[in-house]
Amino acid sequence: MKNFLRHIYSLGVKEIIAIFRDPMLCCLIIYSFSLGVCGGAKSIPEGIKNASIAIVDEDNSALTKRLTDAFMPPLFNPPEKISHADMDRLLDEGKYTFILVFPANFQEKVLANHTPQIQINVDATRMSQAFAGNNYIQEILMREINAFLRQNVPDATIYSAQSLVRNRFNQNLDKSWEGAVSELINNIAMIALILTGAALIRERERGTLEHLLVTPVTPLEMMLAKVWSMILVVMVTTLLSLFFVIYHFLDIPIAGSVTLFMVGVCINLFAITSMGIFLACFTRDMPQLGILMILVLMPMQILSGGTTSQENMPLVIQWLMQLAPTTHFVVFSKAILFRGAEFSLIWGTFVKMFLQGVFFFVIALMRFRRTVAG
């Protein structure tokens, strides 16, 4: 038993030293847990900002001037007056995202309790602004028209519905919170797969795997050494990213226990690193490993629920993704970091990940033994 533990420790230290001697891997790790997380937080658009808008005012009344002045920064750039003849050309040129057309006699019809129509032309190729901006425009128009009626027609009946919304866990609906955590989750899986796969491929390419086979070291010891060393590297970088990048730099609050989160990260990495070794057993060099990881990693990240809600996916996909550890990783990570969930609420997720980790470890060990034996 003493030799067993010594072999695992010595081989694991060797793997960690090999990582620090590889400048490209070090750069990838640093980027993924720093700039990569920041990029994930900032890449999700925050609704609408500085949208270009133009007005075709065929009425030139006090109401249309009031509506024009209501579109202000930072949501919209100051509106520009254009003619109806130039509207199609300017939309084709992409100069404006929104063009509003106020018809003639618009104010007169509003005061007469008629329902004149306002034409809203939207350049939908700018998807990040088009859909959200259209809703903002309608809200601004209704608010200003109702205010104008109250001032000029005191007896007018204004029917409106009000909703009282209380946002929990993310009161300001800041999309960067989810973007940063989702990017961290994706990078944890990506780096764990790359490190463990590259560790095995590197030994095979350099011939050190054959050297280890003539020593008393067993395949189980070799695999355990790779697993614990890569788990340690990823856990340390994850903890640093969580505190210095997410909490301090991006100013995203952490509601739950960091210790509980790191325990879950460790369990998840147990399954991910085993998968990395399993994939590396099917390849002979790093290019092949990279192609295989793309085929495995991309579906795991996209379909796990971190990028898109699983409720919007077909039931077959939802059932299949329950077999992936990343799906459960997304669930407990957001539950702990955003909602402050305790162990009593997520212990079932931990058990599922651990059982999946044992399964992936066993099949990876079986494949690894056949690989080194051949």
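Go through the range 247-264 and report how many residues are open to solvent by less than 10 Å² (accessible area, probe 1.4 Å) and modelled with pLDDT of 90 or more.
The number of residues fulfilling the criteria is 2.
Residue 369 versus (1) surrounded by fewer than 21 Cβ atoms within 10 Å (Cβ to Cβ); (2) within 19 Å of the chain's Cα centre (by Cα): which is the lone unmet condition?
Against the list (1) surrounded by fewer than 21 Cβ atoms within 10 Å (Cβ to Cβ); (2) within 19 Å of the chain's Cα centre (by Cα), residue 369 comes up short only on (2).
Which of the residues belonging to the range 299-324 are buried (at least 18 other Cβ atoms within 10 Å of the Cβ) and either of a type in the set (Val, Ile, Thr) or in a loop (DSSP other than H, G, I, E, B) (or both)?
Matches in the range 299-324: 304, 305, 306, 324.
Would you check if there is a residue in the range 191-200 being in contact with a Phe, Trp or Tyr (Cβ under 7 Å, 6 or more places away or on another chain) and modelled with pLDDT of 85 or more?
no
Go over the candidates 72, 87 one by one and state the one that is open to solvent by 90 Å² or more (accessible area, probe 1.4 Å) and either on the phi > 0 side of the Ramachandran plot or of a type in the set (A, V, I, L, M, F, W, C) (or both).
Within the list 72, 87, the selection yields 72.
Matching residues to (1) β-branched (Val, Ile, Thr); (2) open to solvent by 40 Å² or more (accessible area, probe 1.4 Å); (3) in a helix (DSSP H, G or I):
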| position | (1), (2), (3) |
| --- | --- |
| 266 | no, yes, yes |
| 282 | no, yes, no |
| 297 | no, no, yes |
| 326 | yes, no, yes |
| 330 | yes, no, yes |
| 345 | no, yes, yes |
| 357 | no, no, yes |
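Which numbered condition trips up residue 340, out of (1) part of a helix (DSSP H, G or I); (2) surrounded by fewer than 20 Cβ atoms within 10 Å (Cβ to Cβ)?
Tallying (1) part of a helix (DSSP H, G or I); (2) surrounded by fewer than 20 Cβ atoms within 10 Å (Cβ to Cβ), residue 340 fails exactly one: (1).
Restricting to the range 141-155, name every residue that is surrounded by 13 or more Cβ atoms within 10 Å (Cβ to Cβ) and at pLDDT below 80.
Answer for the range 141-155, where residues must be surrounded by 13 or more Cβ atoms within 10 Å (Cβ to Cβ) and at pLDDT below 80: 152, 153.
In the range 4-53, how many are open to solvent by less than 80 Å² (accessible area, probe 1.4 Å) and either over 14 Å from residue 195 (Cβ atoms) or not in a helix (DSSP H, G or I) (or both)?
23
Given 126, 166, which one is at pLDDT below 70, charged (D, E, K, R), within 43 Å of the chain's Cα centre (by Cα) and loosely packed, with under 13 Cβ neighbours inside 10 Å?
Answer to the selection: 166.
The values are calculated or read from the model by the stated rules, or taken from the named source; none is laboratory data. Nothing here was measured: the structure is a model prediction, and the numbers come from that model. Heads up, the Cβs are rebuilt from the backbone with ideal geometry, glycines too, and the neighbour counts pull from every protein chain shown. In case anyone asks, the SASA skips ligands and DNA or RNA and just uses the protein heavy atoms, side chains included. Shrake-Rupley method; radii C 1.70, N 1.55, O 1.52, S 1.80 Å.
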